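Okay, so here's the structure we're looking at.
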Amino acid sequence: MFDCHIFLPMPFISVIIPVYNSDDTLKECVKSVLNQSFSDIEVIVVNDGSKDVSGGIADDFAEKDKRVKVIHQENLGRSMARWNGVKEATGVWIAFVDSDDTLPVNALRDLAEMADDSTDIVFGNGFTVFVDERSVVELHEFRKLAVRADGTIGVPWGSLYRRDIVTYQAFDVPREIYNGEDYIFWLNIIFKTDMPVKVVNHSVYNKGEEHTASSFFWTADYAYKLNEFRKKYVPAHLHKMYMPEMIEDRLTNLFAVTLCQPRRVWQNSQFYKDILADMKECGINFTFKQRLFLSLPSIALRKTYSKISEILH
């Protein structure tokens with residue numbers, strides 16, 4: 001008796017594209033993925049309740065190329081769109097591409113060539129972090145880079161993740177955390193592995209125009225909530241080990257807050273008080289430029305100072 005079931009080999013990479021109202025960029029995005037020199041892929045487009053014709057564009061691709069799958073869902077936000085894509089993924093490795101971005105033609109080939117049994121993560125765009133053009137970075141060192149969100153660490157796109165370490169927890173962030181949720185994703189992922197990270201030291205991603213970060217209004221309350229998630233996803237027994245990096249990233253958030261809120265607001269916030277307490281415990285002090293910046297009485301003065309200083313870098 002013959003088994004009539006057909007078992008299709010799993011693709012090497014599942015590329016997940018969350019989509020919300022992206023009909024002006026989606027075609028070029030999907031084309032750049034389908035036209036990769038590395039073709040052992042599946043493409044999962046997750047239409048997150050788009051009100052434009054994005055869903056129809058995705059369906060057209062699926063009709064023409066069997067590697068494309070489309071999920072239509074109510075609007076749940078980008079994190080849940082990514083997670084629902086991951087749930088449908090059959091690939092050994094996961095890659096994320098935003099619907100307003102594109103991939104260079106050899107991007108997936110360059111990432112795939114680094115993917116083997118000695119790692120769970122292949123980090124692309126390695127030129128954005130200080131790793132001396134190494135192709136392998138020891139886990140503890142890379143965790144430090146991730147906690148302080150160096151370069152493009154802190155965004156899910158441009159890298160490969162072994163499917164086994166990408167779990168629901170990485171996407172379990174409330175929708176009100178919509179700036180910094182990618183950073184939380186990375187914290188979850190980097191503490192799920194016990195292997196070194198492979199690095200591709202050139203560009204494997206073409207970023208489109210950024211909208212969220214440039215228009216975001218930072219508040220001390222928002223930064224506090226973000227830090228509470230940070231503390232949750234960096235394992236508690238490792239807080240002391242990574243506290244200097246946690247402080248460094250919080251200072252970046254603090255400087256952003258001071259350009260949006262009056263001094264009397266952030267200075268009396270729990271977020272600022274927690275930073276001071278942790279800095280004292282770690283023996284970390286503000287630099288002269290930082291103290292000067294924080295002492296300025298108005299947002300206008302701080303904005304002027306930030307333009308002529310390296311305070312935010």
Item to complete: Write out, first by first residue and then by second, each pair whose Cβ atoms fall under 8 Å of each other, whose residues are 6+ apart or on separate chains, and whose first residue, in the stretch 50-67, is over 21 Å from D40 (Cα atoms) while the second is hydrophobic (A, V, I, L, M, F, W, C) and open to solvent by less than 30 Å² (accessible area, probe 1.4 Å).
Response: S50/V19; S54/V19; S54/L26; G55/V19; I57/L26; I57/V30
Item to complete: Kindly list the number of the only condition in (1) open to solvent by 10 Å² or more (accessible area, probe 1.4 Å); (2) modelled with pLDDT of 95 or more; (3) within 30 Å of L254 (Cβ to Cβ) that fails for D132.
Response: (2)
Fill in: Members of the stretch 85-129 found to be among the polar types (S, T, N, Q), crowded, with 19+ Cβ neighbours inside 10 Å and over 17 Å from T193 (Cβ atoms), listed by number
S99, T102, N125
Item to complete: Just give me the residues in the stretch 243-259 being open to solvent by 30 Å² or more (accessible area, probe 1.4 Å) and of a type in the set (D, E, K, R), in sequence order.
Response: E248
Worksheet item: Residues of the stretch 214-263 being of a type in the set (S, T, N, Q), in a helix (DSSP H, G or I) and over 16 Å from D278 (Cα atoms), which ones?
Response: S214, S215, T258
Worksheet item: Is it the case that some residue within the stretch 166-180 is over 21 Å from N253 (Cα atoms), over 18 Å from the mean Cα position of the chain (by Cα), outside any loop (DSSP other than H, G, I, E, B) and of a type outside the set (V, I, T)?
Response: no
Worksheet item: When you scan the stretch 117-144, how many residues do you find that are free of Cβ contacts under 8 Å to residues at least 60 places away in the same chain and not β-branched (V, I, T)?
Response: 8
Discussion item. Of the conditions (1) open to solvent by 10 Å² or more (accessible area, probe 1.4 Å); (2) under 26 Å from the mean Cα position of the chain (by Cα); (3) under 26 Å from Y178 (Cβ atoms); (4) of a type in the set (K, R), K240 satisfies every one except a single condition; which number is it?
Written reply: (3)
Fill in: Elements of type strands (runs of 3 or more DSSP E) in the stretch 34-146, at least 1 residues being among the small types (G, A, S) and closer than 30 Å to M241 by Cα
93-96
Worksheet item: Do you know which residues across the stretch 243-277 are charged (D, E, K, R), under 18 Å from I177 (Cβ atoms) and over 22 Å from the mean Cα position of the chain (by Cα)?
Response: D274
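The values are calculated or read from the model by the stated rules, or taken from the named source; none is laboratory data. As the structure is a computational prediction, the values presented were derived from the model and not from experiment. Glycine gets a Cβ as well: all are built from the backbone with ideal geometry, and neighbour counts include every protein chain shown. Just so you know, the surface numbers come from the protein's heavy atoms only, side chains and all, with ligands and any DNA or RNA stripped out. Shrake-Rupley method; radii C 1.70, N 1.55, O 1.52, S 1.80 Å.
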